[in-house]
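> Sharing a structure, written as structure tokens. Questions coming.
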């Protein structure tokens, strides 16, 4: 599990195709954060949870399988590409962002980038099937970065990006049309799932009321 607080911006140092998947070699800059990395450890690369399979001084490698390539932008990465990195959270770490699993839901496109004084507003379009999982002022993960949904307009949302996040993540390299990895808030997914499972047919009327919500622990 991760928190969406990026610890380093790494650089892809090698891409090797193998059996329908990829082996990515990623170099890191922050030795204090990554020098004691170990094989079989989980690392978030642009929001996608990957397992370390090899490592050396200043770099590590992961195997990216077909399922991950189908749902994320990792297959778009080439030598020299910059990526957001975060190691798995430890029980004693501060949860500065929100609960992030590293299980990317989909790739989406940057629709617009607005400059608002010192901050920026990043507008991203997303597939309609994920609309039940996003709410204004809720949490969203973009390329592994924990952000807040500032505005919601149909099938696009805006995330407010503070100057620090802009300077120390790959957001500063995004342009209109750039593809990004999205992970919607896991809490929203479970609530939507529970509501859907207990939704009564329209002709019978909804059984969701204050009593039902209390019984379900809400």
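Coordinate-derived values only; no laboratory data. Since the structure is predicted, the reported quantities are computational estimates derived from the model, not experimental observations. All Cβ positions, glycine included, derive from the backbone under ideal geometry; neighbour counts span all protein chains shown.
> Can you give me the angle between helix 186-197 and the longest principal axis of the chain, using Cα atoms only, in degrees from 0 to 90, rounded to the nearest 10?
Orientation of helix 186-197: about 40 degrees from the principal axis.
> Here's another thing I want to ask about it. Return the distance in nm (one decimal) between the two label points of a simple spin-label model at residue 70 and residue 136, each offset 7 Å from Cα along Cα→Cβ.
Result for the modelled spin labels: 3.6 nm.
> Using all Cα-Cα distances in the stretch 1-74, what percent lands in each 5 angstrom bin from 0 up to the longest?
Percent of pairs per bin, in order: 3, 16, 28, 29, 16, 6, 1.
> With a ≥ b ≥ c the root eigenvalues of the C-alpha gyration tensor of the stretch 149-189, is it rounded (a/c under 1.5), prolate (a/b larger than b/c) or oblate?
Cα axes put the stretch 149-189 in the prolate bin.
> Bin width 10 Å, alpha-carbon pairs only: give the P(r) of the stretch 44-158 as whole percents, running from 0 to the bin holding the largest distance.
So the P(r) values, bin by bin, are 11, 40, 35, 13, 1.
> So what is the relative contact order for the chain, in percent, with contacts set as C-alpha pairs under 8 Å and at least six apart?
Computed value for the chain: 22 percent relative contact order.
> Quick check on the stretch 1-90: of the DSSP beta bridges with both residues there, what percent are antiparallel, nearest 5%?
100
> Suppose only helical runs count, i.e. DSSP H with n ≥ 4. What mean residue ellipticity at 222 nm does that imply for the chain under -39500 (n - 2.57) per run, divided by all residues and rounded to the nearest 500 deg cm²/dmol?
Estimated from H runs of four or more residues: -3500 deg cm²/dmol.
> Applying 1/(1 + (r/R0)^6) with R0 = 22 Å to the Cβ-Cβ distance of residue 116 and residue 179, what FRET efficiency is obtained, to the nearest 0.05?
The pair residue 116/residue 179 has a calculated efficiency of 0.40.
> Can you give the extra length, in nm with one decimal, that the chain gains between residue 166 and residue 51 once fully stretched, where that is 0.36 nm per residue apart less the Cα-Cα distance?
Extending this stretch completely gives an extra 38.7 nm.
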